[in-house]
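Below is one structure; the comments refer to it alone.
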Amino acid sequence: MARVSQEHLDARRRQILDGAALCFARNGFHATSMQDVLKEVGLSAGAVYRYFSGKGELIRAIVTEVLDDVRSVYEEAGRQTPPPPPYELIDKVLRDVHGLRPGLREGGVPVFARLVIQVWTETLRDPELAVIIQDGFANVTAAWVRIVEGYQRAGMMNADADPEAVARVLVAAAQGFLTQQALFDRVPVESLESGLRGLMSMGEVSR
């Protein structure tokens with residue numbers, strides 16, 4: 001019997017995760033059955049259950065992967081001197097998350113933001129998922145703290161600013177923007193970058 005390559009296994013896992021994420025974004029976690037996932041990905045139950053035991057494990061895997069992607073972008077930025085400004089960083093994260101998951105579209109429209117809302121809702125019911133979310137956002141916030149400290153060392157931000165407070169506000173800006181994308185039609189990523197750039201220009205206005 002021919003051995004299945006790791007590349008094939010990884011591609012199959014990616015197929016399952018993307019199909020499940022699309023189902024969850026479309027119909028919500030509780031309204032989605034494993035049969036819906038099987039139909040979406042076009043695989044047998046045995047093929048899917050080889051990778052994931054059920055919906056709970058699927059959504060936890062999806063969330064872990066996304067948070068790792070986001071954290072890695074911010075950690076890399078924190079190693080730069082000076083770090084890129086917030087409007088560039090948050091814009092990059094949102095574009096990367098969408099770009100890494102081209103299958104998360106319904107009628108050509110990205111549905112990642114809708115998935116995020118479904119995940120947040122399920123976090124209130126699933127203690128295991130809540131731990132993943134809390135740990136993930138703690139890591140993202142810690143990465144932002146290091147970025148803010150980099151701004152301060154470079155003279156880009158007041159030295160007396162609280163790095164953790166600034167980090168939380170910047171995380172909240174991205175979360176709030178995703179909420180707008182989920183609730184309202186076609187809110188462009190460019191508007192977040194433009195808005196943050198405008199806010200950061202306040203101290204540059206001559207009087």
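Scoring R101 on the criteria (1) modelled with pLDDT of 95 or more; (2) of a type in the set (D, E, K, R); (3) open to solvent by less than 20 Å² (accessible area, probe 1.4 Å) leaves a single failure, condition (1). Among the conditions (1) hydrophobic (A, V, I, L, M, F, W, C); (2) open to solvent by 30 Å² or more (accessible area, probe 1.4 Å); (3) under 19 Å from V41 (Cβ atoms), the only one that A138 does not satisfy is (3).
Does the range 120-130 include one or more residues that are within 19 Å of D91 (Cβ to Cβ) and in contact (Cβ under 8 Å) with a residue 24 or more places away in the chain? Within the range 120-130, not a single residue is within 19 Å of D91 (Cβ to Cβ) and in contact (Cβ under 8 Å) with a residue 24 or more places away in the chain.
Can you pull out the residues in the range 170-205 that are closer than 23 Å to Y151 by Cα, aliphatic (A, V, I, L, M) and either over 20 Å from the mean Cα position of the chain (by Cα) or surrounded by 14 or more Cβ atoms within 10 Å (Cβ to Cβ) (or both)? Listed by number, the residues that qualify are L170, V171, A173, A174, L192, L196, L199, M200, M202, V205. Going through (1) surrounded by 16 or more Cβ atoms within 10 Å (Cβ to Cβ); (2) within 24 Å of A138 (Cβ to Cβ); (3) not β-branched (V, I, T) one by one, L43 falls short only on (2).
Which residues, counting only those in the range 46-87, are of a type in the set (V, I, T) and exposed (fewer than 14 other Cβ atoms within 10 Å of the Cβ)?
The initial filter retains those residues of the range 46-87 that are of a type in the set (V, I, T), namely 48, 59, 62-64, 66, 70, 73, 81.
Within the range 46-87, just T81 meets the criteria.
Taking the range 42-92, which residues are of a type in the set (V, I, T) and farther than 25 Å from L178 by Cβ?
Once the filter is applied, which keeps residues that are of a type in the set (V, I, T) and farther than 25 Å from L178 by Cβ, the range 42-92 yields V48, T81.
Please go through the range 17-40 and give me each residue that is without any contact (Cβ under 8 Å) to a residue 24 or more places away in the chain, crowded, with 19+ Cβ neighbours inside 10 Å and not in a helix (DSSP H, G or I), ordered by number. Selection gives T32 alone.
Under the condition of being in a helix (DSSP H, G or I) and among the hydrophobic types (A, V, I, L, M, F, W, C), which residue from the range 155-169 is least open to solvent (accessible area, probe 1.4 Å)?
Selected residue: A167.
The values are calculated or read from the model by the stated rules, or taken from the named source; none is laboratory data. It should be emphasised that the depicted structure is a prediction, and the values quoted were computed from it without experimental measurement. When we count neighbours, we look across all protein chains shown, and the Cβ atoms used for this are built from the backbone with ideal geometry, even at glycine. With ligands, DNA and RNA removed, areas are computed over all heavy atoms of the protein, side chains included. Shrake-Rupley method; radii C 1.70, N 1.55, O 1.52, S 1.80 Å.
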